[in-house]
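K.L.:
Quick one: this structure, given as structure tokens, is what I'll be asking you about.
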């Protein structure tokens, strides 16, 4: 998908320039604050896909708007992504982020948490700068959608964390889909697309279609992410392999395994997955991986992702776009990439 990748790279470069040269401060004469600024710029400076900014500006163009009008909002989505990843890495105990040590591994949890909070605050301040170009009405509409994105994402994250801390195993596909819709769909696909459409002044029919499109594709994206965590190339993926097993995450892959495994296998898998991260051994991870391979749980999950991709593409075709046909076509290309990617 060279055209798609070129467009994603182009938008990402533009957004990075705005974030690093326009939104985030570069230095301070006060040593401690200078370190804070350095930490705030850390994740935004690392290589990343730039999917969410791309979706924002592309949906804006497809809905009849201008990329220039959407670029600040797109940059704020990327800032949000980096803020939430700082906190997510601490919550999950992750070692790596985008191929390098997670921020809390470099600087410790207290400083990393504060840097994440600082990114969060800068995001809202930057969104207010839309007033000059979009006017108050659209600026507030964008901020309202942004607020919902934050609410949905944190609720979904809390569901997932609660399952681990509460040692919940009475879960099925419906529970996983509900969690992913909140945790992943809104901030990965639905809101980035809807934010771009709002900038363009799109009506409720387009916004409703993008919600449906984003819900299906976001869950499919998360399923593929879960699969890559187990069987993907770590160098491409950028996180430690099998991290989801170490973190005890209830993925669709794991839930399928528990639904088809023998009672003895199920009991052992649950016992392993219920251990704290630091208590899990290489042998524990190997056992869970062997059981996943035996029952083809990754294959089952990827089949579900393919079904969701078809749903999302059908929804996208039904949207009555008012803008660039090329942009609408790029959204369809992105949907396929999201489910077929290797990183």
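K.L.:
Obtain the nm distance between the two label points defined at residue 336 and residue 121 by a simple spin-label model: each point lies 7 Å from its Cα along the Cα-to-C-beta direction.
P.N.:
Taking the simple label geometry, residue 336 and residue 121 are separated by 4.6 nm.
K.L.:
Note down the nm distance, to one decimal, between modelled labels 7 Å out along Cα→Cβ at residue 68 and at residue 140.
P.N.:
Simple spin-label model gives 2.7 nm for this pair.
K.L.:
Want the number for residue 310 to residue 155: 0.36 nm per residue separation, take away the alpha-carbon distance, what's left?
P.N.:
Residue separation times 0.36 nm, minus the Cα-Cα distance, leaves 53.1 nm.
K.L.:
For mean projected area of the Cα convex hull in nm², the listed values are (1) 18.0; (2) 16.7; (3) 32.6; which was obtained by calculation from the structure presented?
P.N.:
Checking each listed value against the structure points to (2).
K.L.:
Calculated FRET efficiency, residue 267 and residue 175, Cβ-Cβ r, R0 30 Å, to nearest 0.05?
P.N.:
0.90
K.L.:
Okay, next question. Quick one: grab the alpha carbon gyration tensor of the range 129-212, order the square roots of its eigenvalues as a ≥ b ≥ c, and give me rounded if a/c is under 1.5, else prolate or oblate depending on whether a/b is larger than b/c.
P.N.:
Here the range 129-212 falls in the prolate category.
K.L.:
Please report the spacing between the Cα centers of the range 291-343 and the range 146-167 in Å, no decimals.
P.N.:
23 Å
K.L.:
Once both labels are modelled 7 Å past Cα along the beta-carbon direction, what's the residue 205-residue 167 spacing in nm?
P.N.:
Result: 5.4 nm between the two label points.
K.L.:
Could you give the angle, 0 to 90 degrees to the nearest 10, between helix 325-340's Cα long axis and the longest principal axis of the Cα atoms of the chain?
P.N.:
20 degrees
K.L.:
Per the helix-only calculation at 222 nm, which mean residue ellipticity applies to the chain, given -39500 (n - 2.57) for every DSSP H run of n ≥ 4 and division by its residues, nearest 500 deg cm²/dmol?
P.N.:
-24000 deg cm²/dmol
K.L.:
Ranked highest first by the average count of other Cβ atoms within 10 Å around their residues, in what order do 248-255, 70-77 fall?
P.N.:
The densest-packed peptide leads the list: 70-77, 248-255.
K.L.:
Measure of size requested: the Rg and Dmax of the range 84-236, with Cα atoms as the atom set and Å as the unit; please supply both.
P.N.:
Calculated on Cα positions, Rg and Dmax stand at 17.3, 51 Å.
K.L.:
Return one number: the angle in degrees, 0 to 90 and rounded to the nearest 10, between the long axis of the Cα atoms of helix 297-318 and the longest principal axis of the Cα atoms of the chain.
P.N.:
20 degrees
K.L.:
Which angle between 0 and 90 degrees, to the nearest 10, do you get for helix 51-62 versus the longest principal axis of the chain when only C-alpha atoms count?
P.N.:
Tilt of helix 51-62: around 40 degrees.
Values quoted throughout were computed directly from the atomic coordinates according to the rules given, and no laboratory measurement underlies them. What you are looking at is a predicted structure, and each value in this text was computed from that prediction instead of being measured. Using ideal geometry, Cβ is built from the backbone for each residue, glycine included, and neighbour counts are taken over all protein chains shown.
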